[in-house]
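Report on the structure given below.
No lab work stands behind these numbers, since they all come straight from the coordinates. Since the structure is predicted, the reported quantities are computational estimates derived from the model, not experimental observations. When we count neighbours, we look across all protein chains shown, and the Cβ atoms used for this are built from the backbone with ideal geometry, even at glycine.
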Amino acid sequence: MKLDPEARYTESHEWARWDDEEIVCGVTDHAQETLSDVVYVELPMVGDVFDAADPYGIVESVKAASDLYAPVGGEVIAVNEELETAPELVNQDPYGDGWMIRLEPSDPDEFADLMDGDEYQAFVEEEEG
Amino acid sequence: MPYIPHSDADRKAMLQTIGVPSLEALFEDIPASARFPDLDLPAPLSEMGVRWELESLAEANLTTAEGSCFLGAGAYRHFVPAVVDAVISRGEFFSAYTPYQPEVSQGTLQAIFEYQTMICELTGMDVSNASHYDGATSTAEAVITAVNVHRMRRKKVVVSPFLHPEYRNVVRTYTQGMDLTIVGDEAASTDPTELLDKDTACVIVQYPDFLGRFEDLTDLGQAAQDVGALLIVATDPIALGLLKPPSAFGADIVTGEGQGLGIGLNFGGPYLGFFAAKKKHVRKIAGRLVGQTSDAEGERGFVLTLSTREQHIRRERATSNICTNQGLMALAAAVYMAALGKCGLRQVAELCYHKAHYAADEIDKLDGFSVLRDKPFFKEFAVRCPAPVAEINDHLLRKRAIMGGYDLGETYPEYKDHMLLCVTEMNPRQEIDRLVRTLKEVTS
């Protein structure tokens, strides 16, 4: 399982990372591996506002369809439009080209509440039993 | 013969399990006066007696097979070739339920796949679902699809005043609680184009419209596209044998009543709602889809596909949980379309068109009657009458066993004393001439 050292993680297998004043979000390497081939991603519109843990989109793979949950609250500044035609980027590069949305956080402190890489790794290992 | 299979011992065991002492106690919440009402039923009859009784009741009806019928307005009398019933009555098909298990349902799945393919060819769309209950429900599902394409952010739905009045009612019933604003059908003079704006999720028109008229919808399609609204076209599949498909006007979703495709009038049901859309909307559409694939040995096979859209996986987040289809009726439509082929369907459409125009021309010549000719029409047309429509229909029925037209004044105050007549390939010229002669009696 790959991790991004700069990112923080949620129990719903999303990652979030500061980029200047904004927070970039996506799903973790573990999530994409569990989902298998992603065939469709539905993302919100720029300007939408979410609270932390709100569902903001859908990721659909050959096996399942899952909701995407906002790691922190905020306003959507940008969405990854590449995913519309190339959903496989989620599998190929979950922490890079497979990003989902950029948020302007409403409460920057929420980021600190997320798990760091070690905590997430332990969480996944425990979840898998 | 016992109709209820439970024995006293069964009942006792069931009551014991749920901890209720007696059957009376189980129903004690129902007021005693309503519990065992006196139904005042006649004495029981033998099977033979029941048959006689029902047959004599049925004989009191005038059926379309005995009289002549010029009533349309959404349900149409078209010829049903014998091959349709012969195929759909086969035991393998007759028990119609959505086939979950491809390993035991290849025949049904292939039939639905072929139905979908032919609906796509007829409407010009990319993808068709496995069908809905009727034209009204498939149109309502199209509205829900459009609202979901806009992620529930657009709340306005524009409907043409000439969309079937019952479809408009069903759209309103279906979307209760979705907080939509449905506008456009308050008056017959409303132009849907003028109501389009950035809050409009979709605009729905009927083609040919409820009055049987058709027109080029290119401008409406463009206007809808300009504001990002979806164009939904409810259509008559028989008309598409002759007219340009709605895809030519940029339709996003095409729906309609498929009853005309090999399904009898059946006293109002079962009917068939078809639903076809552009590929880009495929993840938002309602209902089941059958797709073609290859099995482990590389052989062609058919399965339910894109199930993630609906309640298999997305469940409460699905855009629609309607997954039932009219399997047997979809099969009937597939057999009908396959039997007629492109040329046959065009022939049916041409017969309807020419016969309807012959009838309209003859009626137009009568004193006091005038045919509405503001736009071209297909197999139905509105006629202004010199007397109330109910009176005329009464005369037609009593004098010549003719089922007359739909009273437009009931739905459109603007069209008081206007009758909507329908002529299909099932109305021979003698029948049309008799209709015209009988109408003439009204004024003389």
Size of the dipole of region B:243-383 about the Cα centre, Lys and Arg at +1 and Asp and Glu at -1 on the beta carbon, nothing else charged, in debye to 20?
700 debye
Using helices alone, I'd like the mean residue ellipticity at 222 nm for the protein assembly as shown: each DSSP H run of four-plus residues gives -39500 (n - 2.57), total over residue count, nearest 500.
-10000 deg cm²/dmol
Where does each of B:385-392, B:404-411 land if you order them by average Cβ count within 10 Å, highest first?
B:404-411, B:385-392
Region B:284-296 - phi-based ³J(HN,Hα) in whole Hz, Karplus 6.51/-1.76/1.60, Gly and Pro as x:
10, 7, 7, x, 8, 10, 9, x, 9, 8, 10, 7, 4
In the protein assembly as shown, with Lys and Arg counted as +1 and Asp and Glu as -1 at Cβ, which of these residues, B:GLN101, A:ALA64, B:ASN169, has the Cα nearest the positive end of the dipole, that is, farthest along it?
B:ASN169
Quick one: what are the phi-derived ³J(HN,Hα) couplings along region B:123-135, Karplus 6.51/-1.76/1.60 with θ = phi - 60°, whole Hz, x for glycine and proline?
8, x, 8, 8, 9, 10, 8, 7, 4, 10, 5, 6, x
Report the residue, chosen from B:PRO245, B:PRO413, B:PRO161, that carries the largest GNM mean-square fluctuation when chain B is represented by alpha-carbon nodes joined by springs under 10 Å.
B:PRO413
Electrostatic dipole magnitude of the protein assembly as shown [Cβ: Lys, Arg +1; Asp, Glu -1; Cα centre; debye, to 20]
3820 debye
Return the whole-Å distance between the Cα centroid of region B:41-70 and the Cα centroid of region B:140-157.
46 Å
How far is the Cα center of region B:224-249 from the Cα center of region B:106-125, in Å?
19 Å
Within the set B:LYS284/B:LYS355; B:LYS278/B:LYS379; A:LYS63/B:LYS155, which residue pairs have Cα atoms separated by over 31 Å?
B:LYS284/B:LYS355; A:LYS63/B:LYS155
Candidates B:THR175, B:THR200, B:THR145; GNM for chain B (alpha-carbon contacts under 10 Å) flags as most fluctuating B:THR175
Non-local residues with an amide H under 5 Å from the amide H of A:TYR56, with H modelled 1.01 Å from N and Pro and chain starts lacking one, are A:LEU68, A:TYR69, A:ALA70
Taking the dipole of chain B about the Cα centre (Lys, Arg +1; Asp, Glu -1; charges at Cβ), the one of B:GLN206, B:ALA223, B:ILE363 that reaches farthest to the positive side is B:ALA223
With +1 on each Lys and Arg Cβ and -1 on each Asp and Glu Cβ, and nothing else charged, work out how big the dipole of region B:82-336 is about its Cα centre, in Debye to the nearest 20.
840 debye
Using the number of other C-beta atoms within 10 angstrom as an exposure proxy, rank A:LEU114, A:LEU68 with the fewest first.
A:LEU114, A:LEU68
Expected sort for A:GLU33, A:GLU22, B:GLU66 with the fewest Cβ neighbours (10 Å cutoff) up front is B:GLU66, A:GLU33, A:GLU22
GNM on chain B, C-alpha springs below 10 Å: top fluctuator among B:ARG35, B:ARG77, B:ARG151?
B:ARG35
Counting other chain Cβ atoms within 10 Å of each Cβ in B:246-254 and taking the mean gives 0
Could you list B:LYS198, B:LYS379, B:LYS399 in order of exposure, starting from the residue whose Cβ has the fewest other Cβ atoms within 10 Å?
B:LYS198, B:LYS399, B:LYS379
Give me the net charge of B:PHE93's neighbourhood, meaning all other residues with Cβ under 13 Å from the Cβ of B:PHE93; Lys, Arg count +1, Asp, Glu -1.
-2
